[in-house]
Amino acid sequence: MADPGDPGWRSAERASRDLAALRESLACAERRAVTLAELTALMSEGRGPLALAQRSVELTARATRAAGAFVFLWDRDTERLVLQVATEGWQRSHLGRIQLRLGEGITGWSALMRQTVVIPKDHLKDPRSRPFVELRESSFKSMIAVPIVAPGEEVLGVFSLYAPVEDAFTSTDVNLASEVGALLASGLIQAETVNQLRVQSAAARFLRDLPGEAWGSLQSCLHHMASQCAVHLEADICMIELATDRVHPHDGPAVIVASQRFRDEYHVPVPGHGLDRSSLARLLAPLGLQRLRIPLAAAAPVGAVTCYRPGQFTADDELLLEAIGAQAAAGVLSLPGTERVRPAVGELLSAPDSATTGQLLRRYGWPPRPGWASVLRIHRGPSGEPGDSGDDRVRPALLDLFGADSPDFLLLGGQGQFLALVPGADPASREPFIRRVGELAGQTRMRLTAGVGPVTTDPGKMHTAIRQALVASQWAELAAADGAAIVRSEDVAHLRLLPATALDMSASLKGLLSALGAVARYDLDNGTDLTQTLDTLLANNGSAAKTSARLFIHRNTLRQRLQRIEELIGQSPEHFEDWAVAGLAARIIRKGRGSLLPEHPAARSRARK
């Protein structure tokens with residue numbers, strides 16, 4: 001029997017332990033090599049971001065002997081980490097529902113600090129922990145959280161590995177997880193690029209892939225387009241609606257198609273035989289399907305395309321549908337007999353001369369007469385539903401104001417843009433319209449902009465009146481914030497040379513804005529208002545007495561502020577070469593420092609308020 005005190009026995013025991021450790025090290029190295037090789041191969045397969053993340057964590061979980069794995073990906077729109085991937089089990093049912101802010105929970109902390117977190121035991125007792133009962137994290141004892149960080153320090157997400165025993169992960173496992181995190185970051189960026197190329201390719205092929213028989217009639221064309229769109233968007237229902245010249249899109253032609261699975265499950269009739277807008281609304285009401293609605297041709301819509309499916313639509317889906325919508329609009333307008341589908345507003349706003357405008361107005365039922373024009377636009381807010389143009393609130397309000405049955409009033413457009421033509425020779429006739437638009441914005445919380453043209457008593461000058469209304473609407477859009485912005489053409493007539501003047505001083509103005517940005521940053525950092533001081537000084541022609549009186553401060557206080565400004569910009573604010581340009585730059589910085597410095601935390605905070 002071997003004697004433990006024998007030096008030879010002890011030497012053999014050490015050799016045995018060293019051999020076991022070497023075998024374990026070789027096994028770990030082999031698992032690492034196999035995992036990284038498989039991940040590298042995955043990168044070249046062109047998988048989508050979610051598929052790539054799913055397979056990556058499965059491989060890593062296998063290599064580290066983890067019992068569970070989650071991937072939270074950063075959603076830029078909601079500014080949240082969203083659970084998008086989980087290993088097999090009950091956690092899969094909560095994908096897309098669990099969200100974390102940066103810094104929230106261990107996962108959020110890992111993303112915020114861009115650091116790998118290793119918790120060998122009792123991870124739920126960690127002060128950073130943010131447990132989710134539905135994920136049953138109490139069944140795990142140890143964990144690793146690895147940030148997925150792109151070059152440039154942009155956080156793409158976090159993936160976590162869990163084990164049911166304490167001290168389950170070795171330093172080798174942690175190193176492997178960190179390497180996978182770096183590889184996964186590159187893979188997600190590559191997958192996103194590939195995904196965008198797929199979207200572009202699908203949109204570019206949309207018309208080309210339609211069968212030849214699709215072009216036989218408008219109805220056939222719409223049917224094939226809707227069917228193909230449903231395939232691209234993996235939608236159960238796809239509806240394409242067209243707007244005619246003087247009616248709402250819901251009154252124009254429409255085609256609705258349903259997938260075979262949906263028809264079988266809900267006993268939907270064959271498309272074109274009993275499935276209309278009303279029956280579709282009744283059918284979909286209790287199902288709670290997700291909806292994505294996009295105008296056909298965003299700049300001058302001729303209708304809309306709407307898709308429904310159980311799963312959430314992504315930003316890529318919206319981009320794809322927008323691209324398809326532009327292609328579909330072009331295809332529809334290429335068919336003979338679709339003249340009434342053409343966007344009347346777009347035609348009138350782009351008419352090259354008075355003769356063309358007069359011809360179009362007669363086509364739409366507007367005889368030569370004195371009157372005025374207004375161009376109105378509805379701007380969808382950041383929280384608005386895609387495709388919710390607000391037409392169903394704005395159109396009835398305007399028709400009610402001028403009389404829906406009035407043969408004189410003409411309202412053209414839809415999908416968020418309208419052209420109103422109103423008879424009358426009195427400039428005061430515009431005031432009820434202006435008040436109504438303002439009231440409507442307040443009642444509906446929509447952002448509305450409108451340009452109101454001059455009253456013209458010469459019917460031949462309606463072309464000019466429409467153009468002036470369009471220019472006024474563009475000024476309104478530049479000035480708009482929340483609510484309504486309404487601009488009369490005479491209020492901006494004197495500004496017609498302003499763009500050319502601004503271009504002449506652009507180079508000098510750009511340089512001054514760059515320099516004065518340091519003043520704006522100082523204000524945001526310290527809660528001061530040096531930009532107001534500078535603006536007031538320049539507005540008062542550099543007079544210290546007038547400036548201090550206007551600001552209600554002592555001359556010494558003003559002098560101290562001007563010295564601080566000089567330190568920040570490197571020159572005395574009392575010795576600008578061109579005071580006109582300097583005054584304009586100071587006013588721009590003061591009025592818009594939040595938008596000029598959007599990356600600054602204080603500017604973002606003020607924007608949220």
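The values are calculated or read from the model by the stated rules, or taken from the named source; none is laboratory data. Owing to the predicted nature of the structure, the values given are computational and were not obtained by experimental measurement. No Cβ is skipped: glycine too gets one built from the backbone with ideal geometry, and neighbour counts run over all protein chains shown.
With the structure loaded, tell me whether Gly274 is of a type outside the set (S, T, N, Q), modelled with pLDDT under 80 and at negative phi or whether it fails that test.
So Gly274 does not fit the description; no.
So that you can scan it fast, the table gives a plain yes or no per residue for (1) under 14 Å from Ala518 (Cα atoms); (2) in the same structural domain as Lys591 (by TED's automatic domain parsing); (3) touching a Lys or Arg at 6+ places or on another chain (Cβ under 6 Å); (4) touching a residue at least 12 places away in the same chain (Cβ under 8 Å):
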site: Asp529; (1), (2), (3), (4): yes, yes, no, no
site: Ala549; (1), (2), (3), (4): no, yes, no, no
site: Leu558; (1), (2), (3), (4): no, yes, no, yes
site: Arg564; (1), (2), (3), (4): yes, yes, no, yes
site: Ile569; (1), (2), (3), (4): yes, yes, no, yes
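Hey, could you check segment 571-586 for residues that are among the small types (Gly, Ala, Ser) and closer than 13 Å to Leu513 by Cα and say which is surrounded by the fewest Cβ atoms within 10 Å (Cβ to Cβ)?
My answer is Gly583.
Scan segment 439-457 for residues that are over 12 Å from Ser374 (Cα atoms) and crowded, with 16+ Cβ neighbours inside 10 Å and jot them down.
Scanning segment 439-457 gives Leu440, Ala441, Met446, Arg447, Leu448, Thr456.
I need the full set of residues from segment 455-473 which are within 20 Å of Arg496 (Cβ to Cβ), assigned to a helix (DSSP H, G or I) and not hydroxyl-bearing (Ser, Thr, Tyr), in order please.
Selection gives Lys461, Met462, His463, Ala465, Ile466, Arg467, Gln468, Ala469, Leu470, Val471, Ala472.
Which residues, taken from segment 477-491, are at pLDDT 80 or above and more than 18 Å from Lys591 (Cβ to Cβ)?
Correct list: Ile486, Arg488, Ser489, Glu490, Asp491.
When you go through Ala177, Ala182, Ala214, Ala202 one by one, which is the residue that is surrounded by 13 or more Cβ atoms within 10 Å (Cβ to Cβ), modelled with pLDDT under 80 and either touching a strand residue (DSSP E or B) at 6+ places or on another chain (Cβ under 6 Å) or not in a helix (DSSP H, G or I) (or both)?
Step by step, each of Ala177, Ala182, Ala214, Ala202 is checked, and only Ala177 is surrounded by 13 or more Cβ atoms within 10 Å (Cβ to Cβ), modelled with pLDDT under 80 and either touching a strand residue (DSSP E or B) at 6+ places or on another chain (Cβ under 6 Å) or not in a helix (DSSP H, G or I) (or both).
Check whether at least one residue in segment 332-352 is closer than 30 Å to Glu490 by Cβ, at pLDDT 85 or above, surrounded by 14 or more Cβ atoms within 10 Å (Cβ to Cβ) and among the aliphatic types (A, V, I, L, M), and report yes or no.
Within segment 332-352, none of the residues are closer than 30 Å to Glu490 by Cβ, at pLDDT 85 or above, surrounded by 14 or more Cβ atoms within 10 Å (Cβ to Cβ) and among the aliphatic types (A, V, I, L, M).
Restricting segment 298-329 to residues that are among the β-branched types (Val, Ile, Thr) and modelled with pLDDT under 80, which is surrounded by the most Cβ atoms within 10 Å (Cβ to Cβ)?
Within segment 298-329, the match that is surrounded by the most Cβ atoms within 10 Å (Cβ to Cβ) is Val302.
Is it true that Asp525 is surrounded by fewer than 16 Cβ atoms within 10 Å (Cβ to Cβ) and in contact (Cβ under 8 Å) with a residue 24 or more places away in the chain?
Considered against the rule, which asks whether it is surrounded by fewer than 16 Cβ atoms within 10 Å (Cβ to Cβ) and in contact (Cβ under 8 Å) with a residue 24 or more places away in the chain, Asp525 comes out as yes.
Just to check your reading of the model, which residue among Ala518, Ala539, Ala484 is in contact with a Leu (Cβ under 7 Å, 6 or more places away or on another chain), surrounded by 11 or more Cβ atoms within 10 Å (Cβ to Cβ) and farther than 30 Å from Glu431 by Cα?
Exactly one residue qualifies, and that residue is Ala518.
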